[in-house]
Amino acid sequence: MALEADTRHVATVRFRHSEIEYRLLHAVLFGVLLVSIALSRLMPWRWFARSVEAASRRSVFCEARATTNKILPMVFMG
């Protein structure tokens, strides 16, 4: 006698858990990087280098999002 198990629900729950975990880590990492990038832009030693980087500078939000999107996938590669 064979028993048939419905494992679709288990897979959906695991996928949803991973998605929530990814979004939570993304939000936390984005917040940390946003604060650190904003503080680094406000430091006095950056004032002298401002003319050199003026052409290629992105907004603080754009830079934090790009850095988060580079770092976060590496967390889930293990």
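For this structure, a couple of remarks:
- The residue of the stretch 13-40 that is surrounded by the most Cβ atoms within 10 Å (Cβ to Cβ), among those that are over 17 Å from the mean Cα position of the chain (by Cα) and at pLDDT 85 or above, is SER40.
- Consider the stretch 45-78 and keep the residues that are outside any helix (DSSP H, G or I) and of a type in the set (A, V, I, L, M). The one that is modelled with the lowest pLDDT is ALA55.
The values are calculated or read from the model by the stated rules, or taken from the named source; none is laboratory data. On a predicted model such as this, the values are computed, not experimentally measured, just so you know. So basically every Cβ, Gly included, is an ideal-geometry build from the backbone, and we count neighbours across all protein chains shown.
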